[in-house]
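> One structure, pasted below without further comment.
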Amino acid sequence: MLNFIKSEWYRITHSREIYVITAIMCGLTFLFNMILAVFSAADKNFPYGTVNFSLNMVIGDTPWLFVAGGIIVWRLFAEEHEIGTLKNAVAYGISRQNIFLGKCAVCIAVSVLSLVMVFVVYAGSACLLLEGPMEGPLGELISGIGASLLCAFSAVILAIGVLQYYRKQSTAFGVWFCIIIGIPTVFAFGGMKFDILRKIAMWMPWNFLRLETVANMSGSLGMWRTQEGLIKCIAAGIAGIVIFTFAGIAVCRKQEV
């Protein structure tokens with residue numbers, strides 16, 4: 001498996017996809033802060049041209065990490081069935097299990113490096129272009145991303161599994177979307193009427209990271225600040241990683257190449 005990981009690392013780092021994705025995300029975050037700065041310069045009473053507002057936009061919605069990780073997976077592996085990468089790897093003697101685990105390891109590593117670049121551009125441009133203190137919001141942002149990482153890794157593993165199993169990209173995306181976003185959203189709405197559904201919904205990362213964190217103009221209060229909230233983030237992330245890893249191994253063993 002180590003040789004497969006090395007080959008995948010070389011392939012990804014020597015292709016333009018990951019650099020294009022990272023550049024686009026960096027550009028969008030910089031553009032967001034630039035727009036806030038321009039409006040703030042044009043109108044002295046504009047209330048949103050602050051570091052606090054900019055960073056709180058992400059602090060209050062850390063599940064964007066799931067989407068970003070899913071996009072990276074799709075760009076890196078979506079066309080493997082068409083170009084026969086999986087078939088060639090199996091023919092070379094690499095087991096489907098090792099292919100799946102190798103992809104997970106490489107994609108998580110690449111996603112973390114990409115995230116670091118985006119984070120530096122986002123926080124750096126906010127500090128340079130916007131007003132207000134940086135220390136408080138920056139510390140909360142780092143804490144929020146750190147607490148959400150395990151859950152984001154589980155979303156990446158799921159994306160790799162469905163892409164490796166399903167030949168049609170649309171089907172793979174539909175399955176990933178339903179599990180990560182669709183089902184939690186249904187449970188959240190059902191929880192408004194049934195308490196048991198609410199309890200289940202609030203153990204789903206897409207829900208609790210968004211609904212149990214408060215971020216506004218006055219400041220932010222991440223659920224990860226409390227011991228119970230941090231334990232929930234870690235436990236849900238580990239559970240997702242274990243479940244999606246074993247499920248991915250199981251279905252990949254049955255797939256046709």
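> Checking understanding here: applying a Kyte-Doolittle mean of at least 0.5 and a length along the axis of at least 30 Å (C-alpha), which whole DSSP H helices in the chain pass?
17-42, 96-129, 135-165, 227-254
> So how long is each side of the stretch 1-152 along the principal axes, counting just the alpha-carbon atoms, biggest first, in Å?
Projected onto the principal axes, the Cα atoms of the stretch 1-152 cover 65, 27, 19 Å.
> In a Gaussian network model over the chain where Cα atoms closer than 10 Å are linked, find which of 52, 33, 98 has the largest mean-square fluctuation.
The residue with the greatest mean-square fluctuation here is 98.
> Averaged per residue, what accessible surface does the chain expose to a 1.4 Å probe, in Å²?
52 Å²
> Suppose the chain between residue 214 and residue 228 were pulled fully straight at 0.36 nm per residue; how much longer would it get relative to their current alpha carbon spacing?
3.5 nm
> Using the Cα centre as the reference, give the magnitude of the dipole from point charges on the C-beta atoms of the chain (Lys, Arg: +1; Asp, Glu: -1; all else neutral), rounded to the nearest 20 debye.
That gives a dipole near 780 debye.
> Then there is this: Percent of accessible area on the chain owned by carbon and sulfur, 1.4 Å probe?
Values: 9220 of 13450 Å².
The C+S portion of the solvent-accessible surface of the chain is 69 percent.
> Straight-line reach from residue 44: which aspartates and glutamates fall under 17 Å, measuring Cα to Cα and dropping same-chain residues less than 8 apart?
Excluding near neighbours in sequence, the set is 131.
> What are the semi-axes of the equivalent ellipsoid for the chain, taken as the square roots of 5 times the Cα gyration tensor eigenvalues, largest first, in whole Å?
The answer is 34, 24, 15 Å, longest axis first.
> 222 nm [θ] for the chain, helices only, -39500 (n - 2.57) per DSSP H run of 4+, per residue, to 500?
Values: 13 runs with 196 residues, N = 257.
Mean residue ellipticity, 222 nm, calculated: -25000 deg cm²/dmol.
> Right, next: Mind ranking 44, 103 by accessible surface for me, highest first, 1.4 Å probe?
Highest to lowest solvent-accessible surface, that is 44, 103.
> Okay, next question. Based on the Cβ-Cβ distance from residue 195 to residue 142, what FRET efficiency comes out when R0 is 30 Å, to the nearest 0.05?
Details: r = 35 Å, r/R0 = 1.15.
So, using R0 = 30 Å, E works out to roughly 0.30.
> Okay, moving on. For the ranges 184-194, 137-147, 9-19, what's the packing order if you count other beta-carbon atoms within 10 Å of each residue, average per peptide, and put the highest first?
Details: 184-194: 15.0, 137-147: 19.0, 9-19: 13.4.
Output ranking for 184-194, 137-147, 9-19: 137-147, 184-194, 9-19.
> Using packing as a proxy for protection, rank 60-66, 108-114 so that the peptide with the highest average count of other Cβ atoms within 10 Å comes first. List each step's numbers first, then the result.
Details: 60-66: 20.0, 108-114: 18.3.
Descending packing order for the listed peptides: 60-66, 108-114.
> Here is a further query. Please list the non-local residues whose amide H lies under 5 Å from the amide H of residue 50, H modeled 1.01 Å from N, same-chain partners needing a gap of 5 or more.
Sorted by chain and number, the residues that satisfy this are 131.
> Filter 103/193; 193/232; 6/168; 168/199 down to the pairs with a C-alpha to C-alpha distance above 29 Å, please.
As for pairs spanning more than 29 Å Cα to Cα, those are 103/193; 168/199.
> Pull up all non-local amide H partners of residue 215: gap of 5 or more, or a different chain, and H-to-H distance under 5 Å with H placed in the peptide plane.
Sorted by chain and number, the residues that satisfy this are 221.
> Report the label-to-label distance for residue 97 and residue 253 in nanometres (one decimal), using points 7 Å from each Cα along the Cα→Cβ vector.
Rounded to a tenth, the inter-label distance reads 0.6 nm.
> Looking at 68, 118, 222, which one has the Cα that reaches farthest to the positive end of the dipole of the chain (charges on Cβ: Lys, Arg +1; Asp, Glu -1)?
It is 68.
The values are calculated or read from the model by the stated rules, or taken from the named source; none is laboratory data. Values in this document were obtained by computation on a predicted structure and should not be read as measured data. Positions of Cβ are generated from backbone atoms using ideal geometry, with glycine treated the same way; all protein chains shown enter the neighbour counts. Just so you know, the surface numbers come from the protein's heavy atoms only, side chains and all, with ligands and any DNA or RNA stripped out. Shrake-Rupley method; radii C 1.70, N 1.55, O 1.52, S 1.80 Å.
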